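Participant: My structure is below; once you've seen it, I'll send some questions.
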Amino acid sequence: MSGPAATEQGRILVSPRRMAHLPGCGHNDESELSEWGEIRGVPRAWARIGNGEPLETNAGAVLGRPALSRCQDCVSRS
């Protein structure tokens, strides 16, 4: 899922460097996410991170990791 639907209610991946990525980003191998967290079901999460609001992961392998910035490649395709 990409585009507005993905950014509004979808899955956001958060790297060990605390950067938010959308699924399908070339910066991660989605088959190996053992050190990554996810943000799921948070309204407007992608936009909120972009506005400087740190959101914590609530799913995935790592819980409670704040997403502090967004991948610029993902921003370009969202």
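Participant: Please give the helices (runs of 4 or more DSSP H) falling wholly within the chain in which 3 or more residues are modelled with pLDDT of 90 or more.
Facilitator: Because the criterion is at least 3 residues that are modelled with pLDDT of 90 or more, the helices (runs of 4 or more DSSP H) in the chain that meet it are 45-50, 72-77.
Participant: Let me ask another. In the stretch 59-77, what residues are open to solvent by 60 Å² or more (accessible area, probe 1.4 Å) and over 11 Å from the mean Cα position of the chain (by Cα)?
Facilitator: Ala61, Leu63, Gln72, Asp73, Ser76, Arg77
Participant: Considering each residue of the stretch 29-54, count those that are under 12 Å from Cys71 (Cα atoms) and open to solvent by less than 20 Å² (accessible area, probe 1.4 Å), and give that number.
Facilitator: The qualifying residues number 2.
The values are calculated or read from the model by the stated rules, or taken from the named source; none is laboratory data. Here the structure is a predicted model, which means the values were calculated and not measured. With ligands, DNA and RNA removed, areas are computed over all heavy atoms of the protein, side chains included. Shrake-Rupley method; radii C 1.70, N 1.55, O 1.52, S 1.80 Å.
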